[in-house]
Each structure stands twice: as structure tokens, then as C-alpha cells.
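Written out below as C-alpha cells is the structure these notes cover.
The values are calculated or read from the model by the stated rules, or taken from the named source; none is laboratory data. Please read these numbers as outputs of a predicted model, since none were measured by experiment. Because the Cβ atoms are built from the backbone with ideal geometry, glycine has one as well, and the counts that use them run over all protein chains shown.
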Amino acid sequence: MGRYVARRLLLTIPVLIGASFLIFALVYALPGDPIRALGGDRPLSPAVQAELREEFNLNDPFVIQYVKYLGDLVQGDFGTDFRGREVLDTIEQRLPVTVRLTVVAIAIEAVIGIIAGVLAGIRRNGFLDNLVLVSSTIIVSIPILVLAFVAQFVFGLQFGWFPIAGIGDGWYSYLLPGMVLAAGSLAYVARLTRTSVAENLRGDYVRTARAKGLPKRTVIVRHTLRNSLIPVVTFIGADIGTLMGGAIVTESVFNLPGLGRAVYDAIRAQEGAVVVGIVTLFVFFFIFFNLVVDVLYAVLDPRIRYD
Amino acid sequence: MTRPDLSEPAPAPDPTGTPVLEVDDLHVEFRTRGGVVNAVNGVSYSLAEGETLAILGESGSGKSVSAQAIMGILDSPPARITGGGIFFQGRDLLTMPEDEQRKVRGPGISMIFQDALSSLNPVYSVGFQIGEMFRAHRGTSRKEAKQHAIELMDRVRIPGARARVNDYPHQFSGGMRQRVMIAMAIALDPRVLIADEPTTALDVTVQAQVMDLLKDLQRDTGMGLILITHDLGVVNEVADNVAVMYAGRIVERGTVDDVFNNPAHPYTDGLMSSVPQVEHKGGRLLPIIGQPPNLAAIPPGCPFHPRCARRRLEADALPGRVCDTDVPPLRLVVPGREAACHYSEEVLGA
Amino acid sequence: MTDRNRRGTAVDQQQADLRHDEVQAGTQTGLDEPDVDVTDARQNSLWSDAWGELKRNPLFWIGSLLALGFVVMALFPSLFARGADPRDCSLANSQGKPSAEHWFGFDQQGCDYLANVVYGARNSLIIGLLAVAVVLVMGILVGAVAGFFGGGVDSLLSRITDIFYALPLVLGALVVLRSGTLGRGVVAVAIALAAFGWMTAMRLVRSQVIAVKSSDYVAAARAMGASNGRILVRHILPNAVAPVLVYTTITIGVLIAAEATLTYLGVGLQRPAISWGLQIDAGQNLLRVSPHLVLFPSLALTLTVMAFVMLGDALRDALDPRQRA
């Protein structure tokens, strides 16, 4: 197991480097001159411009620029934006918002999704089962953009239950955006759980559990749910990484100052260092949580061994 | 497949008393989208302490379904028990409250299945799964339950029980897994053990070991054993009595010796002729022609008549004994032998 | 692990991949997974059984009708616009509420909103179809090459796929479009989306190719001297059709939603193009006073996405023999 994790970690390095190079290439292939744009109405003097260019290695060939950047990155230096602000500072400031949003979304997705899925799966073709099927089909068809506006309008403006923007109300401000971000995954978790529970209930070992005279509760919880939730838990684990990098729209609509919002602003402002830094971080989270899930899988299912 | 050696006498029937289990006119049907499937149509039998009853039949004959009905583990829906009674030590399981019925499973009746790999929960250790019997029925502590599990694994002759108690089912070989199933089933010293094709999935050499183990355990505990199988050799070796099932009915019943040596039903006769026999080397094997019946549309009259070489239709049948219209009841043909054929006497004489 | 488990894992992977695309695109579609295991012998009965299943599935009919409706709307918008011209605007009507005369009311410039929403279908569908076509070409090409040749080629292509896979779709497209290298038109948006959306198709095709390549009948064909190309075209690709079809249908919906998202974020289509994303963007500031400006394009967008999701769901249910009882 330890060896497997080590090997997987090694394998992630080229992917991480490749992804950061790809994004670096895209960002610095941007035409237009960010330095000249920096001064706005009062252009910077040519001397200052040249100085900035030198500082940001903009005169070097592209690949050299990247290698220099990577060298700094390895030492934990994400570089600075054109205004001299450390990218790491931006990340440190914005990360907690994204983390909170993700935590809320994952909690909603896990709790509601699993409960709905289990109830639907236990009584297949019952009322609840059909409700879960129909509502999940509808929910997955609503683009998150639309969902965000509907939620904002209905629950924020019409009913006034939730703040519609910002993080002024602490954790409570994350509830509505969290629900929006979680909606699709929630529907998916509910369906995955439903299928898995229904499939396991037909399993031979559940029949054995009943033949052993175990109480119904034990048959369901210990011998059905424990097995059924393996794919669900691993999906939710991987979803953490996906949602962290997938919150651009939600953070934009609800005006949450998280990493998604930051990277969006940076793309618009052509702040290359910020874009590359944050996207690399997203990729890292994505890869990291996928690795966690692989390990988790082996922990949850004794049949899987990676040696 | 073990070849049945019909010349060797089967062990003498050893019914040591009153029946511990009685099945009376059991009916089970499955309601599916395609219609009603009549899986079990009036099956009756009884089992004494220490008796081994083999239930023989091809797949779809209702032998497993009736066993699952006894265990109360049919999936309903779609399955429904539509009639009859199942009496364990005189009490009808079907009218018992669910919770009491549950308490019979394990300490009273238990069951082992064909595919031990899929019948054991892959995510728990075998020790846990065996110990669960004690924890659920006797409230034993987890630690003590594991101790019991080790003893049981020893008893079913799993080498290195103490070292393997925390292993998972997939880490065992097929034969060892079936032993784990057996250990679990006998944990609470049941009075009846139902073994549903316990050796079908195993290698021939392992089959014999597992059957020996079952017989030894039965001798030690005096439990009744219902052996569901389509393997004539196994039946011949271990069973006292045999009930042959066809289309959800028992078509012949008697001691293994009698039934094997001189079948009273054409279906049983066909089964015997379709198996290679040592003393008939070089003789032709005679398969039973036709297909097993569709349980959603069982033929009228004798369900076996479309495949029966001895059937008598309108022209040459005796009155009230027309094979394609009159259902033959299971009746005493000669002492100790029942068969559901209008013309059993002829089959016997042949 | 048993065979079944191994296959289960491959299927789970695909399922996770598809799911991944959807979150990235800001839609969430494609529940469950296309089945990998479609062998040649079962092809014929597969398709006729599938049609039998489809006919009985209301999802299929609702999805087909909706999709057909939007396609007709994209081809002949004037049929649906009730005689209004989307560019014939009068500020006097600015933000007019929906009425019997003008069902969807007016936007801020005083243009008939029904006409605008109707004319928006064309760009959404063109981008969705164009992007999915590019996705398919890339996915099939890269996936077939990786799966067929295996070894180092496969490793290299798979790692490259991993790299793209780790980048969020909207984010990648955002960066590409912001750079302006491709311009900001319909084709640019489609290419940007496809560039970061082809990975699941590649993995799907690759796993199909690997599964079929090791099968007995391909070994038999090879033994009889069939060439690589012939094996690929005659034996391997037909097997990939069913799962790819399911994937494609759902992905059209995913990409249409992603286009609206990009446009909303200000890097997709630009005025004077008519697009649901632009309409939602313009409407969001007026959400308090004129919610209909967000409502109607959102509804159209959702129904379009839903049409393809439902179709895809229905196709999968029909084509996945494992789900059939």
C-alpha cells in the first residue's frame, strides 16, 4: 500500500507539471501587452515598463520563462502579480472562502444525496424512488448558471431567506451557493446510491444475512449499506477536488471572494502569475483527492489490493 | 461429477423420531411483468432428526424456491407464498410473527448456498461473519464471538483457524469458503440444515471432502439435513430419502435405494438413464427429450406428459387417467414409495 | 479481483469521467454510465432490443420532441417569433412585461424578447453540435490510436489526456478565449470547448478498443490475415458506437450549457450576436425589477439541455443490457 501511494504520487508529478505548463503556455501566449495596459490612463514610463518586463522574465524565450517559474514554484514561490502583490497572499486570502463553500456543498451532497438514495433504493419503484428519479433528471438538466439565478431570485429575493451575495453572514452566506454548487452532485449521489443499494439488496450475501436470522436493521445497515456506500463515498471524495476547481460560476453569481472568483478576475485582467498559480493549485487538489479516493477504495473494500 | 454407483447400497434410513420439519402443501408463485410464475405447486415433505433428505430436480423445478420459503428469505415481491404451511417443531413458521420467525433462522434452521464467494459479505472478515451469529442471537460480546468463530473454523477443519479468522472471504479457496459457510450455518447448533447445491461450484475432490464434513457434522449433532442437488452421485452417497421434483411438484418420493434401483416415475427413470453408470459401460445414455416446462404456463394434466415416452392420451388411456388432462396425484404406489404418475405400476414393472 | 469487478471498475471510471465533464461544464448530467461490453455477436439484437425499449420510454419521447422543437426553432426561427424581429427595437418598450401581444415582454433595449430567445437557439445548437463533432474526432482519433497501439504510444497519449483532464473545462476555455487567438465567434467558442472536453471521449474509445482488441473474434480475424486498418474499422469501431452515442447525446447538452456559461462570463459570444448566455448576463442586473429577462432565456437553455440529457438517459437505459431485467 505504501509503495502504491508512493508510485502514484510520483506519477502525479508529470501530470501536475504538464497541466501547469499547459496553462502557462495558454496564459503567456495571450496577445496584448499587460504591462502597457497596467498604467491605464497614465501610461508607465518606458523605463518602468522595461524594468517590469525584466522582473517578470517577459523578455526570455517562453520555455525559459516557464522553467524559471517552475523553479520558483518548487520553492513555494508563486511569484507576484503586476502590482507587486504575492500570489501566495492572494491564495491564502481566497482559499478559505473556496474551502468553506466546498465543505458546505459536500456536506449537503452527502447527507441529502445518500439519504434520498438509500430510501429510494430500499423501496424500488415506490413513490420516493420515482420522486428521486424524476427530480434528479430535472436537476441535472439545469445548468448551474440558471440554477444559481433561480436560487438567488426565489430564495434570496422573493422569500428573503438567504443573503444573495457576499460572505457577510458567515457560514450562513455559504448555504445557498453551497446548495447550488452541490445540486448536480447531489442528484448524482442520490442516483448512484439508489442503484447501488438496490443492486446490493439483491446480492447473495444479503440473502445469507437474512438466512442467518439477523435483525432487519442489521441486514440493511451492516450488510447492505456498508457495501453500497463504497462507490458513493469514493465519488464524493473525488468530487471535493472537482468542486474546488468548479466553483467559478457559483462564486461569480453569488459574489463570493474565493479562488474561482479570483482566477476569473485574473483571467480578465491578464494577470498571468495569478492565473497559473491558482489553476495549478486547482489541478493539485483534483489530483490529490483522486489519489485519496484510490487509497480510500482499498481501505473500504478489502478485495482491492494495489500490491 | 461423481458417477453414481447404483450397485452399492445407500446407507440405511435412520429416522430417529418425530419430524422436526414438515412442509405441507406449499405453494409459491412469482408475480412478474410477464405473468404469474408458479414455482412451487403443493409440495409436502417431512424431515426427521438425523435424516438426510435429498431433493432432486433440474433447475427451475422449485427445489431452491421451496427451501428459501422455509428459510423465509424469498424476495417478496415478486415471490408470494400463496398456500400451505411450514412447521418447525410443530409451530407454523408462516403464521408466526416476523420477529419470531427470524429467531428460528440460525438456532433452529439454517442454510448454506451454492456460491460461497458471493454468499459471504466481501467486506467483513470470515471471523466477523461467523461470530455475528452469536452476537445477533445470543448477545455475545465481539471478543467472545471471535473465539467461538475460531472454534467453529477448527471444527469444519479449516487449517490454521486462529491465523485466518481475520481473513476475508476472497482470500480463501472455494472449498475453504464453503467450510466457512458451513461453520456459520452450524454455529448455533440448528436442528435442520438446508444445503442448496453445496458442492456444485467445487472441484470434484473438494466436493467429496465437503460432503464428508456435512455427514460427520450431522452424525455429531443429530440435525436433519435437506440436500438440494441435481447430482445423483451425491444423493446416492449421502441421502437416506429422496424427493424428486418436477415443475414445482414432488413426482416421486422414497428411500434412495428404492428410487434409484427401481424408479416409479418416468421422469425419475429418465434421470437415471441419462447418467453414465459403471455397470452399463458401453450402453447408450438416454437424455430426456424436450425442454423443462415453462412455469408460467405449466402443461395441463401431468406436467411431464409432453416429454414422457410412456404417456397415454385419450385413445389408450384408462378413464380418469388421461395424461394430458388429468393431474396425477402423489400416491402410495408400493409401501414406502409415492409417485405422481397414473401408470407408476407399469414404470416399476418395466 | 474477479472479471466482473475489474469491469465494474472500468465502468465506474467512465461514469466518473462523464460526471467530471459535467461539473466542469457547469451542468450535471449523464447519470450512470454507458456499457463497455458490447460484443459483436450481440450487436443486432442490441439495436432491435434497444428500439423496443426506447419506444416504451417516455423520457425518449419527451427528449426527442424537445430536441426536435429546438432544432426546428434554430432552422426557422421566424416560425416561432410571432412575427417579431429580434433587432426591431424601440426604447419606449424597454423592459416591458410579458403580455398577450408580446409573450416574453421586452428587454432593456425594448426588443421583443420572445423573438430574441427564439433566435438564440441557433447559436446554442450550432456551438453544441460543432463542439461535439470536434470532441468526437479528437476523442476517437486519440483514443483509437492509444488503445490500438498500446505500449509507449498509449502511455504518452494517456498522460496527455490526464493533463487536460485535470484542468477544469470552463477554466481552460476561459483562458483560451480570453487570449483572443481564436477570436470570439461561434467557431472559436466551439473549438475552445472541444479543446478541453475531448478527454472522456478518448477514454471511452480507448477502453472499448482495448476490450475488443483482446477478444477472441479479433484474434480470429487477425489469424485470417486481416490488416490493422480493417480490424479497426470492421470490428473495433462498431462496438464503440453504442457507448459513444450515449456519450455524444449527453455531451451536446453539457456543451450547450458550457457555452452559455462562457458567454455569461464575458468570453463567449459578443453582441450583436443573439445568445441565451448574453441575455442572462444582461438580465442579471435587472433581476429585481424584470426577472423575466433572466427567466425566459434560462428556461430555453434548460429545456434544450434537458432534451439532450433525457435522450441520452433513455439511450443508455436502452443500450445498456445490464440494466435490462
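Residues that are surrounded by fewer than 17 Cβ atoms within 10 Å (Cβ to Cβ) and more than 13 Å from every other protein chain (Cβ to nearest Cβ): does the range C:196-209 have at least one? Spell out the reasoning first.
Taking the range C:196-209 first, the residues surrounded by fewer than 17 Cβ atoms within 10 Å (Cβ to Cβ) are none.
Within the range C:196-209, none of the residues are surrounded by fewer than 17 Cβ atoms within 10 Å (Cβ to Cβ) and more than 13 Å from every other protein chain (Cβ to nearest Cβ).
Listed here are the residues, each with its yes/no results for (1) within 13 Å of chain B (Cβ to nearest Cβ); (2) surrounded by 19 or more Cβ atoms within 10 Å (Cβ to Cβ); (3) more than 36 Å from the chain's Cα centre (by Cα).
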site: A:Val189; (1), (2), (3): no, yes, no
site: A:Arg194; (1), (2), (3): no, yes, no
site: A:Val206; (1), (2), (3): yes, yes, no
site: A:Gly213; (1), (2), (3): yes, yes, yes
site: A:Ser228; (1), (2), (3): yes, yes, no
**Asked** Considering only the range A:128-141, how many residues are touching a residue at least 12 places away in the same chain (Cβ under 8 Å) and farther than 13 Å from A:Tyr188 by Cβ?
**Response** 2
**Fill in**
A:Phe286: passes all of (1) within 14 Å of chain B (Cβ to nearest Cβ); (2) not in a loop (DSSP other than H, G, I, E, B) but (1)
**Fill in**
Going through the range B:45-84 in order, the residues found to be within 14 Å of chain A (Cβ to nearest Cβ) and in a loop (DSSP other than H, G, I, E, B) are B:Gly72, B:Ile73, B:Leu74, B:Asp75, B:Ser76, B:Pro77, B:Pro78
**Request:** May I ask you to list the residues in the range A:214-225 that are in contact with a helix residue (DSSP H, G or I) (Cβ under 9 Å, 6 or more places away or on another chain), under 21 Å from B:His137 (Cα atoms) and in a helix (DSSP H, G or I)?
**Result:** A:Lys216, A:Thr218, A:Val219, A:Ile220, A:Arg222, A:His223, A:Thr224
**Message:** So, A:Glu251, is that one buried (at least 22 other Cβ atoms within 10 Å of the Cβ) and more than 9 Å from every other protein chain (Cβ to nearest Cβ) or not?
**Reply:** yes
**Message:** Given the condition buried (at least 21 other Cβ atoms within 10 Å of the Cβ), under 30 Å from C:Met310 (Cβ atoms) and under 18 Å from the mean Cα position of the chain (by Cα), answer yes or no: does some residue in the range A:130-137 qualify?
**Reply:** no
**Request:** State yes or no: is B:Val180 in the same structural domain as B:Tyr124 (by TED's automatic domain parsing), within 17 Å of B:Ile228 (Cα to Cα) and modelled with pLDDT of 90 or more?
**Result:** no
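Among the residues of the range C:198-231, write down those that are small (Gly, Ala, Ser), part of a helix (DSSP H, G or I) and over 22 Å from the mean Cα position of the chain (by Cα).
C:Ala211, C:Ala219, C:Ala220, C:Ala221, C:Ala223, C:Gly229
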**Prompt:** Within the bounds of the range A:232-251, is there any residue that is farther than 30 Å from C:Phe164 by Cβ and part of a helix (DSSP H, G or I)?
**Reply:** no
**All positions within the range C:246-280 that are of a type in the set (Gly, Ala, Ser) and within 12 Å of chain A (Cβ to nearest Cβ)** = C:Gly253, C:Ala257, C:Ala258, C:Ala260, C:Gly266, C:Gly268, C:Gly277
**Prompt:** Given C:Val142, C:Val175, which one is part of a helix (DSSP H, G or I) and modelled with pLDDT of 90 or more?
**Reply:** C:Val142
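Answer yes or no: is there a residue in the range B:319-340 that is modelled with pLDDT under 80 and either surrounded by fewer than 18 Cβ atoms within 10 Å (Cβ to Cβ) or out of contact with any Leu (no Cβ under 7 Å at 6 or more places or on another chain) (or both).
yes
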**Prompt:** Can we say B:Ile158 is under 23 Å from B:Leu217 (Cα atoms), touching a residue at least 12 places away in the same chain (Cβ under 8 Å) and assigned to a helix (DSSP H, G or I)?
**Reply:** no
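Taking the residues in the range B:85-107 that are at negative phi and in a loop (DSSP other than H, G, I, E, B) as candidates, determine which candidate is nearest to the other protein chains (Cβ to nearest Cβ). Walk me through how you get there before you give the answer.
So in the range B:85-107, the residues at negative phi come out as B:85-88, B:91-105, B:107.
From what is left, the residues that are in a loop (DSSP other than H, G, I, E, B) are B:96-97, B:107.
Details: B:Met96: 13, B:Pro97: 13, B:Pro107: 7 Å.
Top of the filtered list is B:Pro107.
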**Message:** For the range C:158-180, give me the residue count where each residue is within 17 Å of A:Val275 (Cβ to Cβ) and within 7 Å of another protein chain (Cβ to nearest Cβ).
**Reply:** 12
**Request:** Go through A:Leu128, A:Leu157, A:Leu147, A:Leu133 for me and flag whichever is within 14 Å of chain C (Cβ to nearest Cβ) and over 30 Å from C:Ile252 (Cβ atoms).
**Result:** A:Leu157
**Asked** If you take just the helices (runs of 4 or more DSSP H) that sit entirely in the range B:186-266, which of them hold at least 3 residues that are in the same structural domain as B:Arg105 (by TED's automatic domain parsing)?
**Response** B:204-221, B:232-238
**Fill in**
Checked against (1) touching a helix residue (DSSP H, G or I) at 6+ places or on another chain (Cβ under 6 Å); (2) buried (at least 19 other Cβ atoms within 10 Å of the Cβ), B:Ile226 satisfies every condition except (1)
